[in-house]
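Everything on this sheet refers to the single structure shown next.
What follows draws every value from the coordinates through simple rules; no lab data is involved. Note that this is a predicted model, so its numbers are computed, not measured. Virtual Cβ from ideal backbone geometry, glycine too; neighbours counted across all protein chains shown.
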């Protein structure tokens, strides 16, 4: 797999260590700006002011980066008075770099941000409110999936306009299924079917479901199963960690038992589960939607993708979402802000093209478009949008989620029992949440 794609995935999810945006300060966007008065139009409808140059930061270093840049170029061609320049960083550098750059006037005007980062950057005043964009463009929850739309809120104010949703999906190797006597066109959808399929695969000499102890992708699989069992990482207000509940222990135990039952080797290395899938050694893997385009580059692999099987009592899948944000401008340049909103609205409306990069569009009209339905593999994961388990809108959760994943890691590696590992993790997480309340005043 392409190295940049591997490292990109490590930060698609929960901003490892990035609650450490403790150094966040009141930020300004770079570039100063025209002294001209505010441009006509607002909320993203249009921009008729003098030409402005906008800086846009993102972390799309994989194949989706080329698609994103092509869309920006198209926008620039269609808008002679707005020029958007793109700067791309690895996600793991991006969030650490943004606060300091913004506070010194060297940051962007527009920043692409994962849903789970919005609250932290909003709490520290780095990004600005976008309620007027939703109002003037007449965007409502009905235009998006409710979970994605609500994820852009912090303290009842909107800070992000959702672009997409990227969930965990279920990839299956058709060749190995056929070898084991399974129907390669009917992947398992329930716990009973899943366990029965693993038994048949084992009989054929295949360890069918490799369990990674790392966040990518074992931790994200556990996150999904925790919600499938009816549990959660936090309570409703994200003030207390709850990932040591009976449901959590049961979900973790089921997953770790895959090793004991011989369906997975022990101590699976980082990304080894996915690489084994591509090399025909692993029949089932739970991985992100972003792997679809990578697998398309491997014509020798006969694969399919579907919604995650329902192992617990309800459907659930780990997911995150890219949102557009506007960085607060030290110069309060109204022209730049207005132009930035026009760009955000334009790209949201053109998210069918963005979906080709391996994303489920946030806008309902785009998901219902025949063009999206033609993207067979990506469209196969669109139903997960309705039951996606998104992170809560609370500031400073980066380190807390790292604690969650480290707890699973200890259990998966057999360093502690699932119960002990999760209990210890919750104790540490609750202290971190308490510190966050002091730090962010919430």
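Return the equivalent ellipsoid semi-axes of the range 236-339 as a descending list in whole Å, where each equals the square root of 5 times an eigenvalue of the C-alpha gyration tensor.
37, 25, 13
Past the 17 angstrom mark, what percentage of all C-alpha to C-alpha distances in the range 120-220 do you count?
Distances greater than 17 Å cover 67 percent of the Cα pairs.
In 10 Å bins starting at 0, how do the alpha-carbon pair distances of the range 396-442 split up by percent?
P(r) for the range 396-442, in whole percents per bin: 30, 45, 20, 5.
Give the angle, between 0 and 90 degrees and rounded to the nearest 10, that separates the Cα long axis of helix 418-440 from the longest principal axis of the Cα atoms of the chain.
10
Mind telling me which of 319, 101, 429 comes out most flexible in a GNM of the chain, alpha-carbon contacts under 10 Å?
Judging by the Gaussian network model, the answer is 101.
Quick one: of the DSSP bridges fully inside the chain, what percent are antiparallel, nearest 5?
65
Expressed as a whole number of Å, what is the distance separating the alpha-carbon centroids of the range 130-201 and the range 277-341?
9
With everything on Cα atoms, drop me the angle between helix 191-203 and the longest principal axis of the chain, reported from 0 to 90° to the nearest 10.
60
Starting from the Cα gyration tensor of the range 295-420, take the square roots of the eigenvalues, sort them a ≥ b ≥ c, and report rounded, prolate or oblate (rounded when a/c is under 1.5, otherwise prolate if a/b is larger than b/c, else oblate).
oblate
Return the single residue from 260, 45, 328 with maximal mean-square fluctuation; model: Gaussian network over the chain, springs between Cα atoms under 10 Å.
260
Taking the convex hull of the alpha carbon atoms in the range 195-274, what volume per residue do you get, in Å³?
94
Rounded to the nearest 10 degrees, what's the angle between the helix 63-78 long axis and the longest principal axis of the chain, both from Cα atoms, 0 to 90?
The helix 63-78 is inclined about 20 degrees to the chain.
Suppose R0 equals 35 Å; then what is the FRET efficiency for residue 428 and residue 376 from their Cβ-Cβ distance, rounded to the nearest 0.05?
Efficiency, from the Cβ-Cβ distance: 0.20.
Using the Kirkwood radius built from alpha carbon pairs, what does the Stokes-Einstein equation give as D for the chain at 37 °C and 0.692 mPa s, in µm² per second?
Value of D from the Cα-based Kirkwood radius: 147 µm²/s.
Starting from the Cα gyration tensor of the range 57-171, take the square roots of the eigenvalues, sort them a ≥ b ≥ c, and report rounded, prolate or oblate (rounded when a/c is under 1.5, otherwise prolate if a/b is larger than b/c, else oblate).
Rounded, because the longest to shortest axis ratio a/c is under 1.5.
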